[in-house]
Amino acid sequence: MINLIKDRFEECKSKKSFIRINASHPIDIYVGYNEKGYKTLAIISSGKIENIESTKLIEVNILKRTIDDRLSLSFSLLDDAMSDMFYRFCDDIIQKTLNLSKEVNSISFIIERWKKWIQMFKNPYSTIMSENEIRGLLGELIFLKEIMIKRYGIDKSIESWIGSSMAHKDFEINDTWYEIKAIKENAITVEISSIEQLESNLYGELVLVKLEPSNSTITSPISLNDYIKSIENILENKKQLELFYKKLEERNYSYNEEYDKYVYSSKGIDKYMVISGFPKISSNNLNDGIARVSYQIYINKIKNFLVIGD
């Protein structure tokens, strides 16, 4: 659908006009260029005028048409460099309203949907993450969806994701913690970047998410953008979505098509108990003159600490 949206905008570019996105869609949704030359998503539907917030990136307007008393709701992109994110927003609005029942006020529904997107547009100019950062974030997201949410539920799991706040542990919940490392399937060692990552008086686990770089031809390929969307789809309310976006923003993530180039295959998740005897460096063993330590652990040396089962 995103390619179709791009094509529709391209059709309108020379004449700076509008075109309906899909004749069979139950709502009149158009894409094109407004009088200022900005790419615009426009919705024509019945409803009541409501307060709606614009951002530095998206100008939002709502008004009543004199010709038929219906409302015109428009979203205009003010910076063409962020077109990829805007196309994704357009696609979301089109897809989410495709099966909207007649009883639902479509304008109110779209406004509520926009409110969920505002967080994603707050940090649009962040730099592209490195491949290691992409892999690391994806590993945490896989653990969040596949382990945490199934074990603790959505609210507690997202709240417990504190690695996004640059804390020492990636997840802290109840009386335990989890430190996530994304590694290649055949990795010999795992990097521990600080003493604090594995140091605690509480029981915790070192989690290795095995991600192998691959290509889009593999079965069920994983990319960062698509995986984030898969988590968005299971969130149940606005509060959860806003908190999730806030956590992503803290990790300097904002949607960019560039991330689709980094595709992985998931090779499983291994969890290791960080208990007495686990090979780690402790602050108690350091000379006062040492400011910071990073070290590597041989994965084959911690097999006895492997968690069996979930």
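What follows draws every value from the coordinates through simple rules; no lab data is involved. What you see is a predicted model, and the numbers here were worked out from it, not measured in a lab. Cβ placement follows ideal geometry from the backbone for every residue including glycine, while neighbour counts extend to all protein chains displayed.
With a Förster radius of 35 Å applied to the C-beta separation of V293 and E236, the computed FRET efficiency comes to 0.25. Remark: region 21-30, residue by residue, has Karplus-estimated 3J(HN,Hα) of 6, 7, 5, 8, 5, x, 10, 6, 10, 10 Hz, where x stands for each Gly or Pro and the curve is 6.51 cos²θ - 1.76 cosθ + 1.60 at θ = phi - 60°.
For K16, the lysines whose Cα comes closer than 28 Å to its Cα, not counting residues fewer than 8 places off in the same chain, are K6, K36, K39, K56, K64, K96, K115, K122.
For G47, the amide hydrogen comes within under 5 Å of the amide hydrogens of L71, counting only partners 5 or more places away or on other chains and with H modelled in the peptide plane.
In plain terms, the chain from D7 to D28 could stretch by 5.8 nm, reckoned as 0.36 nm per residue minus the Cα-Cα distance. The alpha carbon gyration tensor of region 1-123 gives principal lengths a ≥ b ≥ c with a/c below 1.5, which makes the shape rounded.
Extension gain, L100 to A81, is 3.7 nm, computed as 0.36 nm per intervening residue step minus the present C-alpha separation. Just check region 176-256 against the gyration tensor rule for me: Cα atoms, a ≥ b ≥ c as the square roots of the eigenvalues, rounded for a/c under 1.5, and otherwise prolate or oblate depending on whether a/b exceeds b/c. Taking the square roots of the gyration eigenvalues as a ≥ b ≥ c, region 176-256 is oblate. Here the Kirkwood formula, the inverse mean of 1/r across different C-alpha pairs, assigns region 131-305 a hydrodynamic radius of 17.1 Å. Taking 31 Å as the cut-off for C-alpha to C-alpha distance, list the pairs among K156/K267; K246/K301; K48/K238; K238/K280 that go past it. Violating the 31 Å Cα-Cα cut-off are K246/K301; K238/K280.
Would you mind calculating the gained length between T127 and L63 on full extension (0.36 nm times residue separation, minus the Cα-Cα distance), in nm to one decimal?
So the chain would gain 19.4 nm between T127 and L63.
Between D155 and I188, the simple label model (points 7 Å from Cα in the Cβ direction) yields a spacing of 4.8 nm. Remark: region 54-64, residue by residue, has Karplus-estimated 3J(HN,Hα) of 8, 10, 5, 9, 10, 9, 10, 9, 9, 8, 8 Hz, where x stands for each Gly or Pro and the curve is 6.51 cos²θ - 1.76 cosθ + 1.60 at θ = phi - 60°. Taking amide H as placed 1.01 Å from N in the peptide plane, T189 has its amide H under 5 Å from the amide H of I299, each at least 5 places away in sequence or on another chain.
Dividing the Cα radius of gyration of the chain by its Kirkwood radius returns 1.06 for Rg/Rh.
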